[in-house]
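Asks: One structure follows; several queries about it will come next.
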Amino acid sequence: MSFSLAAGPLAAPAMAQARQAGPESVADLAEGLLDAVVNISTSQNVKNEDKAPMPQVPEGSPFQDFFDEFFKGDGGEGSNQGQTVNSLGSGFVIDPAGYIATNNHVIEGADDIEVNFANGSKLKAKLVGTDPKTDLALLKVEPKAPLKAVPFGDSRVMRIGDWVMAIGNPFGLGGSVTVGIISARGRNINAGPYDNFIQTDAAINRGNSGGPLFNMKGEVIGINTAIISPSGGSIGIGFSVPTELAQNIFSQLREFGETRRGWLGVRIQPVTDDIAESLGMSEAKGALVAGIIKGGPVDNGVIQTGDVVIRFDGKDVHEMRDLPRVVAESPVGKAVDVVLLRNGKEMTVKVTLGRLEDGEKQVDAEDDAATPDEGTTEEDTTTGGEELAEPQKAELVLGMGIGDLDEAARKTFNIVESVKGVVITEVTPDTAAAERGIVPGDVIVEIGQEAVATAEEVKARVAKLKSEDRRNALLMIADRTGALRYITVRID
């Protein structure tokens, strides 16, 4: 066997080209951006009884002074005057007049906020507004001269594999530059309702929070917010809020001091493969409407429970979490086209959006009103000294005991009057119903998008589905407070 040496000279140009594919140096780029990135230090006064236990640090440890200062504060150990807790983070100037972007968790609960600039100067900062849902905050300082600011770029055009640069304040060390690529887009890490993170392998550590993630044009395309790390140090998995989401938030905070998001007024859930099959859909996509908020923007029947939203204002809704994000990014009062599937047919409806912040108050009030009296328990089945009739004997269907929702059943399970349907009185262990989280006291409202009012109707609907060789039954289930959800139960 022989080996050809011709591959050596041929590989050299390819290797040179590969080296040139990434930036050989980001020194010029970083030099023009460092002055716009700031360190943010905060202090918070807390009572001693609320403080965490003092960590055990070996005597003479090089970190002993740090722990003593951080955990004991100015009052020292045992002081009754409380303690001062300090924290460090990052931020960046978005307007020469002194507006500074950062993360909400960097400044949350702070009594004092101080911004430290690259030239060593310091300024006290005022909190303009925060948005915990996206973990963003906007600060304002009063500089004597215009500050160096950085522009926002379009995060939507960034691709997996594009080079990015992070600048921040890791571990309180001051302005530090790291470089990497975009590892993934659209990450959901369950940090909030609008998760759509950019994932990067550029080193991001504690203290980098609130700092910018730049493209190679020097434009901010993300705000570094979170990392996955068992040790607290970078393992190459960091997450940034994309500017397609953040830029509008900062604009609202600057103009109003708060967010003003669009609101559709629906309760939604994912479209699973089983639900898609039950609805006659060719693929699982969109957001399934499980409920309509009373008094909300679509409480006029324009959207109904059981509808599947697949497109909103020209934007595709691939999965459930896409809908809250695109709705929230839309202006309050805007009339938008919503494309949905209803009874197997695609249709377009026009909706005028409300304001989410007002809607949340409305939903909270509705939920409070629907909550059963805390003084009533499942054992409280008597009123005025008279015994109520026992609920009728349950019939088993799909592993569930079912019965008509009469007054005795309402009292037994504390089911609110607004709920209509067939009550589930028992669930057989190790059945499909039990696997789906159905519990006694839940109520079957619909089967196959048809309302049911009696146990006989439930039996008839299930028998019909069996005769059609359906593998699953699509149920709309209400809990005892009236909250709705769709589930599929396997037909054995």
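The values are calculated or read from the model by the stated rules, or taken from the named source; none is laboratory data. Because the structure is a prediction, the values reported are computed rather than measured. Here Cβ is always computed from backbone atoms with ideal geometry, including for glycine, and neighbour counts include all displayed protein chains. Side chains are part of the model used for accessible areas, which takes the heavy atoms of the whole protein and leaves out ligands, DNA and RNA. Shrake-Rupley method; radii C 1.70, N 1.55, O 1.52, S 1.80 Å.
Asks: Could you tell me the accessible area of Arg490 in Å² (1.4 Å probe, neighbours in place), rounded to the nearest ten?
Replies: Rounded to the nearest 10, the figure is 110 Å².
Asks: What number do you get for region 444-492 when its Cα radius of gyration is normalised by 2.2 N^0.38 Å, N = residues?
Replies: Against the compact-globule rule of thumb, the ratio is 1.11.
Asks: Another question, if that's okay. Go through Lys361/Lys411; Lys133/Lys294; Lys140/Lys361; Lys334/Lys420; Lys124/Lys315 and tell me which ones have a Cα-Cα distance over 32 Å in this structure.
Replies: Numbers: Lys361/Lys411 29 Å; Lys133/Lys294 24 Å; Lys140/Lys361 29 Å; Lys334/Lys420 34 Å; Lys124/Lys315 42 Å.
Among Lys361/Lys411; Lys133/Lys294; Lys140/Lys361; Lys334/Lys420; Lys124/Lys315, the Cα-Cα distance tops 32 Å for Lys334/Lys420; Lys124/Lys315.
Asks: Expressed as a fraction of 2.2 N^0.38 Å, the rule-of-thumb size for a compact globular protein of N residues, what is the C-alpha radius of gyration of region 403-479?
Replies: Relative to the rule-of-thumb radius for its length, region 403-479 sits at 1.08.
Asks: Now, a different point. Determine which residues of region 278-313 fall in the zone a paramagnetic label at Ala463 would reach in this model, i.e. backbone nitrogen under 17 Å from the point 7 Å along Cα→Cβ.
Replies: none
Asks: Let me cross-check Arg185: its accessible surface, 1.4 Å probe, with only protein heavy atoms counted, in Å² to the nearest 10?
Replies: Approximately 80 Å² for this residue.
Asks: Further question on the same structure: With every protein chain present, what is the per residue accessible area of region 121-175 (1.4 Å probe, Å²)?
Replies: On the way: 2950 Å² over 55 residues.
Accessible area per residue: 54 Å².
Asks: Could you give the Stokes-Einstein D for region 118-222 in µm² per second, using the C-alpha Kirkwood radius, 37 °C, 0.692 mPa s?
Replies: On the way: Rh = 15.3 Å.
Translational diffusion coefficient: 215 µm²/s.
Asks: For Asp112 and Glu417 in the same chain, what is the full-extension length gain: residue separation times 0.36 nm, less their Cα-Cα distance, in nm?
Replies: On the way: separation 305, 0.36 × 305 = 109.80 nm, distance 5.04 nm.
Using 0.36 nm per residue and subtracting the Cα-Cα distance, I get 104.8 nm.
Asks: Using a probe radius of 1.4 Å on heavy atoms only, what accessible surface per residue do you get for region 409-492? Whole Å² is fine.
Replies: 46
Asks: All other residues with a Cβ under 9 Å from the Cβ of Gly129 taken together, and with Lys, Arg as +1 and Asp, Glu as -1, what is their net charge?
Replies: Working: positive: Arg254; negative: Asp131, Glu258.
Spelling it out: positives minus negatives among the neighbours equals -1.
Asks: Would you mind working out the accessible area per residue for region 200-274, using a 1.4 Å probe, and quoting it in Å²?
Replies: About 36 Å² of surface per residue is accessible.
Asks: Restricting to Cα pairs below 8 Å that are 6+ residues apart, what does the relative contact order work out to for region 399-444? Please round to a whole percent.
Replies: 44
Asks: Moving on to the next point. Averaged over every viewing direction, what's the projected area of the C-alpha convex hull for region 281-342? Give it in nm², one decimal, please.
Replies: Answer in nm², one decimal: 4.3.
Asks: Within 10 Å, count the other beta carbons around each residue, average over each peptide in 441-449, 408-416, and list them highest first.
Replies: For the peptides 441-449, 408-416, the packing ranking is 441-449, 408-416.
Asks: Right, next: Over region 248-373, how many percent of alpha carbon pairs lie in each 10 Å bin up to the one with the longest distance?
Replies: Whole-percent P(r) values from 0 Å outward: 13, 42, 31, 13, 2.
Asks: Carbon-plus-sulfur fraction of the accessible area of region 151-261, 1.4 Å probe, in percent? Could you put the intermediate results ahead of the total?
Replies: On the way: 2130 of 4530 Å².
Carbon with sulfur: 47 percent of the solvent-accessible area.
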